[in-house]
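Taking it in order: structure first as structure tokens, then the write-up.
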Amino acid sequence: MDPKNSENESTSEGEHPLDLEVSPEMESEDNKRSKIRKQLSNMSFEDIQKLKEKIGAKVYNQVVLGIKTNKPKTDFKRTNKNRPREMSSKIRVRAQLPSVRTKKNVPRDPRFDSMCGDYDGKEFRENYKFINDMRKNEKKELEKELAITSDPERKTQIKFLIQRIGNQIREAEKTEKLELQKLEESREIREKLQKGEKPIFKRKSEKRVGELLNKYEELKKSNKLQKHIEKRRKKQC
């Protein structure tokens, strides 16, 4: 009779094949393990797998291979109360609660922010009308300084400042004059509508011609018409 078949029959009947070779208590663990390995060497791979499933992988590794799965417990107590406690890196860290979100302070430009209202050029010029008076006073002071200054570099600088301030003053006066003309036209239209007459609305080309005529009249009064004509002629050439 084949010894392998007899071993399979004993295994199928529920008997532990390793129990056949149990040694006395006086035998050492190495002798027991060597006898068990010798007995397993006569078994087929399939029978060994069945045995491993029957007794469990943990018991099999401990008995046959001598592998101990019990891990030593680590004591994390402090040896000295003044030292920090040793903590295991395997301890799961508790998730932190999300911090309270504060509103981000975003700088804003009042010139382009609808919360600050719409820009009204007329109102702006009325509120800052005093700036034009300050420019006129500054121009007078610079003209006085120009008369008594002997430094050529400073004279050039003062002339440049006087010219720039003069341009700013003329531009502000021109804008104010155009606004007065618009107000006058609006007043005339309202008066004609109240009287039941048909108002006359000027075209842009007609308004442009009127502005040019007023400009030439002003240049003629200030004796700057000839200079202006020569400048225009040079630009065209």
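Nothing in this text is a laboratory measurement; each read-out follows from the coordinates by a stated rule. It should be emphasised that the depicted structure is a prediction, and the values quoted were computed from it without experimental measurement. Heads up, the Cβs are rebuilt from the backbone with ideal geometry, glycines too, and the neighbour counts pull from every protein chain shown.
When all alpha-carbon pairs of the stretch 118-214 are counted, what percent fall beyond 16 Å? Could the numbers behind the result be given before it?
Values: 3250 of 4656 pairs.
Result for the distance tail: 70 percent.
Set the bar at 30 Å for Cα to Cα. Now go through LYS182/LYS221; LYS54/LYS90; LYS122/LYS198; LYS195/LYS220 and name every pair that lies beyond it. Present the calculation step by step, with values, prior to reporting the outcome.
Working: LYS182/LYS221 24 Å; LYS54/LYS90 33 Å; LYS122/LYS198 28 Å; LYS195/LYS220 38 Å.
Distance filter (> 30 Å) returns LYS54/LYS90; LYS195/LYS220.
List, in the order given, every pair from LYS129/LYS159; LYS139/LYS159; LYS202/LYS235 whose Cα-Cα distance in the structure shown is over 21 Å.
On the way: LYS129/LYS159 25 Å; LYS139/LYS159 10 Å; LYS202/LYS235 30 Å.
Long pairs (Cα-Cα over 21 Å): LYS129/LYS159; LYS202/LYS235.
Can you give me the C-alpha center-to-center distance between the stretch 103-172 and the stretch 195-222, rounded to a whole angstrom?
What the calculation gives is 29 Å, centre to centre.
Going highest first, how would you order 131-139, 111-119 by mean Cβ packing within 10 Å? Don't jump to the answer; show the numbers that get you there.
Numbers: 131-139: 12.8, 111-119: 8.0.
Result, highest mean first: 131-139, 111-119.
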